[in-house]
Amino acid sequence: MHEKPNAGRETSDRAAATILVVDDEPTNLMVLSAVLQPHFRVRSARSGSEALAAIKAGPLPNLILLDVMMPDMDGYAVLAKLRESPAYRGVPVIFVTALDSREDEQRGLELGAADYITKPISPAIVLARVRAQIDAKAARDLLKKANLQLVHQVVEGVHALEQAHLQLLQSDKMAAIGQLAAGVAHEINNPIAFVGSNLGSLNGYLQDLFSIIAAYEKGSTLTASDDPFGEARRLRREFDYDHLKQDVADLLRESRGGLERVRKIVLDLKNFSRVDKPDWEWSDIHECLDSTLNIVWNELKYHCTVTRNYGSLPQIRCLPSQLNQVFMNLLVNAGQAIEGNGEITITTESVGDAAVRVKISDTGAGIEPQALASVFSPFFTTKPIGKGTGLGLSLTWGIVERHGGKIEVSSAPGKGATFTVTLPLEPKQST
């Protein structure tokens with residue numbers, strides 16, 4: 001009966017494995033090498049220090065057969081040195097020794113040995129145990145590689161999820177700004193319109209003033225026998241100079257007020273978006289609330305009275321543009337919940353020394369009990385089709401959670417709703 005050409009040969013993974021045999025007796029080295037060389041790559045060392053030098057020089061062996069009783073450094077000391085280094089800690093070690101007491105074997109296993117073979121050796125036992133350890137190490141290496149790949153995939157997945165969340169956040173923010181754009185434009189157009197009208201009036205007033213001044217200049221050149229300022233007095237009466245003088249001051253004051261209103265809206269838009277400051281920073285919650293309220297004011301002013309009960313708050317470390325979006329969502333929702341006329345109350349307070357709390361209450365229709373548990377779920381909305389995406393409160397919940405805080409809602413049908421946002425002064429995520 002003829003054996004197949006590959007019969008008895010190791011698999012390619014096993015054949016590529018390197019075994020370091022460490023023994024101070026040349027005869028033992030020769031015997032172990034003779035047993036192993038037909039199946040593995042074999043290196044040898046005659047002392048503990050020589051073994052450590054060989055391991056450090058590389059390449060790293062897949063398995064070490066280690067004698068215990070050696071003169072300069074015994075096997076226990078060599079194994080202890082190996083286990084001190086993370087680079088060598090994963091190499092399995094099999095003790096090969098004449099010490100056959102249970103205490104000796106227990107000591108070796110406690111130090112981290114993978115197995116324990118007693119002398120005189122049996123070639124079959126040596127091969128079986130070496131193969132078992134080589135296969136186990138290959139399986140561990142494969143599992144470690146798979147785990148690293150899995151960790152990499154998880155990290156990539158988390159990154160992709162974060163990017164998707166940021167895109168969703170930005171999309172919802174842009175949708176909300178688009179919804180409010182007409183109101184903001186209206187708020188800006190009103191002062192711009194009366195500033196333009198005032199400038200037209202001022203232009204006419206200046207022409208009248210210049211006419212009066214010209215009459216006085218002309219009068220100053222006439223002789224004493226004439227009435228030098230008669231024309232000037234007539235023009236003063238015709239143009240009602242006293243009224244003109246007062247109205248010019250009023251027009252300038254109104255125009256300055258209108259331009260200040262536009263400047264404030266533009267500043268609040270900048271503070272709302274914070275496009276120039278996307279990082280964590282210390283901010284005043286009241287400034288965030290006021291700038292956001294100014295942006296959404298056109299949505300509220302015709303049917304809502306807004307009451308601000310501001311307490312004394314320390315600054316908090318946050319992403320201001322994201323908190324502005326939280327307050328915008330809550331304020332707009334509160335306004336939309338009110339049919340006819342109603343009131344929105346904003347209350348702020350400190351919570352001990354480590355957190356602040358913002359409550360936004362409305363006198364709107366309230367939320368049905370069965371809907372309360374779902375208000376922060378994605379795509380859940382009580383608004384008519386086409387009037388809301390159902391993402392606002394879900395993203396609000398996500399932003400608050402990212403800040404290490406919590407958001408709660410209490411409501412009853414016909415009795416309005418209160419959303420309570422509690423935020424730590426310095427969340428762990430901000431570091």
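Considering only the range 331-348, how many residues are touching a helix residue (DSSP H, G or I) at 6+ places or on another chain (Cβ under 7 Å) and either assigned to a strand (DSSP E or B) or aliphatic (A, V, I, L, M) (or both)? Of the residues in the range 331-348, 5 are touching a helix residue (DSSP H, G or I) at 6+ places or on another chain (Cβ under 7 Å) and either assigned to a strand (DSSP E or B) or aliphatic (A, V, I, L, M) (or both).
None of 306, 332 is at pLDDT 90 or above, closer than 30 Å to residue 414 by Cβ and of a type in the set (A, V, I, L, M) except 306.
Scanning the range 17-36 for residues that are buried (at least 18 other Cβ atoms within 10 Å of the Cβ) and under 13 Å from residue 64 (Cβ atoms) yields 17, 19, 20, 21, 22, 23, 32, 36. Residue 365 falls short on exactly one of the conditions (1) outside any strand (DSSP E or B); (2) closer than 12 Å to residue 419 by Cα; (3) aliphatic (A, V, I, L, M), and that condition is (2). Each residue in the range 112-148 was checked for being touching a strand residue (DSSP E or B) at 6+ places or on another chain (Cβ under 9 Å) and at negative phi, and 16 of them qualify.
Considering only the range 339-356, state which residues are under 19 Å from residue 416 (Cα atoms) and either modelled with pLDDT under 90 or open to solvent by 10 Å² or more (accessible area, probe 1.4 Å) (or both).
Our first condition is that a residue be under 19 Å from residue 416 (Cα atoms); within the range 339-356, this holds for 339-348.
Once the filter is applied, which keeps residues that are under 19 Å from residue 416 (Cα atoms) and either modelled with pLDDT under 90 or open to solvent by 10 Å² or more (accessible area, probe 1.4 Å) (or both), the range 339-356 yields 339, 340, 341, 342, 343, 345, 347.
Of all residues in the range 47-93, those satisfying the criterion of being free of Cβ contacts under 8 Å to residues at least 24 places away in the same chain and outside any helix (DSSP H, G or I) are 58, 85, 86, 89.
If you go through the range 37-46 and keep only what is open to solvent by less than 60 Å² (accessible area, probe 1.4 Å) and part of a strand (DSSP E or B), you end up with 42, 45.
Take residue 364 and decide whether it is out of contact with any Ser or Thr (no Cβ under 8 Å at 6 or more places or on another chain) and modelled with pLDDT of 90 or more. So residue 364 fits the description; yes.
Applying the selection to the range 391-425, what residues are among the acidic types (Asp, Glu) and assigned to a strand (DSSP E or B)? First the steps, then the outcome.
Looking only at the range 391-425, we keep the residues that are among the acidic types (Asp, Glu), and these are 401, 408.
Hit for the range 391-425 is 408, nothing else.
Does residue 16 count as at pLDDT below 90 and touching a Lys or Arg at 6+ places or on another chain (Cβ under 8 Å)? Lay out the reasoning, then the answer.
On the way: at pLDDT below 90: yes; touching a Lys or Arg at 6+ places or on another chain (Cβ under 8 Å): yes.
Judged against the criteria, residue 16 is a match.
Mind listing whichever residues of the range 277-320 are in contact with a Cys (Cβ under 9 Å, 6 or more places away or on another chain) and surrounded by 14 or more Cβ atoms within 10 Å (Cβ to Cβ)? Steps first, answer last, please.
Quick first cut of the range 277-320, residues in contact with a Cys (Cβ under 9 Å, 6 or more places away or on another chain) only: 280-283, 285, 288, 318, 320.
Of everything in the range 277-320, those that are in contact with a Cys (Cβ under 9 Å, 6 or more places away or on another chain) and surrounded by 14 or more Cβ atoms within 10 Å (Cβ to Cβ) turn out to be 280, 281, 283, 285, 288, 318, 320.
Within the range 81-100, track down each residue that is open to solvent by less than 40 Å² (accessible area, probe 1.4 Å) and more than 43 Å from the chain's Cα centre (by Cα). Listed by number, the residues that qualify are 93, 94, 95, 96, 97.
How many of the residues in the range 103-128 are more than 25 Å from residue 85 (Cα to Cα), open to solvent by 50 Å² or more (accessible area, probe 1.4 Å) and assigned to a helix (DSSP H, G or I)? Let's see the steps before the verdict.
Just the residues of the range 103-128 that are more than 25 Å from residue 85 (Cα to Cα), to begin with: 103, 118-128.
Remaining after also requiring open to solvent by 50 Å² or more (accessible area, probe 1.4 Å): 103, 118-120, 123-125, 128.
Pick out the ones that are also assigned to a helix (DSSP H, G or I) and you get 103, 123-125, 128.
Residues in the range 103-128 being more than 25 Å from residue 85 (Cα to Cα), open to solvent by 50 Å² or more (accessible area, probe 1.4 Å) and assigned to a helix (DSSP H, G or I): 5 in total.
One residue alone among 359, 301 is of a type in the set (D, E, K, R), free of Cβ contacts under 8 Å to residues at least 12 places away in the same chain and at negative phi, and that residue is 301. When each of 109, 29 is tested for being touching a strand residue (DSSP E or B) at 6+ places or on another chain (Cβ under 7 Å) and modelled with pLDDT under 85, the lone residue that passes is 109.
The values are calculated or read from the model by the stated rules, or taken from the named source; none is laboratory data. Being a predicted model, the structure only gives us computed values, none of them experimental. Don't worry about glycine lacking a Cβ; one is built from the backbone with ideal geometry, like all the others, and counts go over all protein chains shown. Surface accessibility is based on the protein's heavy atoms, side chains included, excluding ligands, DNA and RNA. Shrake-Rupley method; radii C 1.70, N 1.55, O 1.52, S 1.80 Å.
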